[in-house]
1. List the pair-distance distribution P(r) of the stretch 309-360, using every Cα-Cα distance, as the percent of pairs falling in each 5 Å bin from 0 up to the bin containing the longest distance, rounded to whole percents.
2. Would you calculate, for the chain, the mean residue ellipticity at 222 nm contributed by helices, counting each DSSP H stretch of 4 or more residues as -39,500 (n - 2.57) and dividing by all residues, to the nearest 500?
3. Could you work out how far the C-alpha centroid of the stretch 76-90 sits from that of the stretch 1-64, in angstrom?
4. Given the options Pro35, Pro186, Pro79, state which has the largest fluctuation in a GNM of the chain using a 10 Å cut-off (strictly under) for Cα springs.
5. What are the residues whose amide H is under 5 Å from the amide H of Asn224, where those residues sit 5 or more places off or on another chain and H is modelled from the backbone?
6. Please identify the GluC sites (Glu not before Pro) of the stretch 1-100 that satisfy two criteria: DSSP loop assignment and at most 14 other Cβ atoms within 10 Å. Which are they?
7. Please go through the stretch 9-93 and write out the trypsin sites (Lys or Arg not before Pro) that DSSP classes as loop and that have at most 11 other C-beta atoms within 10 Å.
8. Once phi is turned into θ = phi - 60°, what whole-Hz ³J(HN,Hα) does the Karplus curve with 6.51, -1.76 and 1.60 give for every residue of the stretch 317-328, x standing for Gly and Pro?
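Nothing in this text is a laboratory measurement; each read-out follows from the coordinates by a stated rule. It should be emphasised that the depicted structure is a prediction, and the values quoted were computed from it without experimental measurement. For neighbour counting, all protein chains shown are included, and Cβ atoms are generated from backbone atoms with ideal geometry for every residue, glycine included.
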Amino acid sequence: MDNVNILLGTRKGLLVYQYHHNKWHLRDVFFEGIPVTLAHFDPIKKTWWALLDHGHWGCKVHRSMNGKDWEELPAPIYPENAFAKEGVRASTRLLWAFASDPSSDAIWMGTEPGGLFKSESNGRDFILNQALWNHPSRMEHWFGGGRDYAAIHSILLHPDNPNNILVGISCAGVFESTDAGLHWRPINNGLKADFLPNPNAEVGQDPHLLVRCQAKPDVLWQQNHCGIFRSTNGGRNWEEVSETNGPAKFGFAIAADAEDPDVAFVVPAVSDENRIAVGKELIVCRTRDGGKTWDRLQNGLPKGPSFDIVYRHALDLNREWVAFGTTTGNVYVSSNSGEEWTCLSNHLPMVNSLEFFDAN
């Protein structure tokens, strides 16, 4: 079980942990003191990515080809004629999603205020996807939830067909392109938005994170503002799989097993109005039957009081390994599918993203 690695994007830097000789070791710290909104290792291109938010200095993109030396690349920039809303010129406020095409040098980034950018040169330059930005629903029906504007937090490329792209937008919903981004359509049938006058509106839904089973790519999961939803037909229809009388409903993060389409993990919170751990105890919930039932996994987690929540990108699953990081800098890891948890650290900055990776 040695040589398991974790990449943490935190409020004060990028942290790299390695499991070696039955113990976790802090291997490296990069961008010390700087907020890292998302960190990612591309196993195909052997490339490391760090998306930064310098606050006053804005959003930055950094890339490393060896996990040690970093180069800054131009961040996605909105063209002068792009407007977030009437009279408000669009500017890049957050870099929040990343996807890489394994068959080419193309990469995608999602941003606030809702722009999807593509680079054909592995990050040397970016172009705004005009088809999604100019979708007729955007100006009137996309809006900010916890942020000022709509934002793209999820980008899924179909593993067998990179021309098929799904994006998750808060607040707008799930959109699909089948022609590499030339045209887009909402695929939100079955979702509900209790906060809208019409909860079944085609646009205006609020997915918090969108993931898929890589081996069965038509099986999609989303942790939504209004529950947990699953699709078995590529998003054409969604079915709510929240617990009726249990904690697995509201939250931000969700992780799907790469091989088993019936397995997924969430870390619930109380509600949108009360964003703390359920019962003031950290709880991880796992389903192994497609959301019909959910197990509560707490062995090794603190019994409370806990006010932690887990952000969208701060939960990951890699075979039997599961890990998550919290808003108060706690990181917990399980080597047996969540049956038992150990604490990696209680003293880290707020965790924005967590990812298992193998850099060998």
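1. 5, 23, 28, 26, 14, 3, 0
2. On the way: 2 runs with 8 residues, N = 360.
That comes out to -500 deg cm²/dmol.
3. With the stretch 76-90 and the stretch 1-64 each reduced to a Cα centre, they are spaced 30 Å.
4. Of the options given, Pro79 has the highest mean-square fluctuation.
5. His208, Phe229
6. Glu32, Glu80, Glu86
7. When the trypsin sites (Lys or Arg not before Pro) of the stretch 9-93 are filtered for loop state and at most 11 Cβ neighbours within 10 Å, Lys68 remain.
8. Going residue by residue, I get 9, 9, 6, 7, 7, 9, 8, 8, x, 10, 6, 10 Hz, with x marking Gly and Pro.
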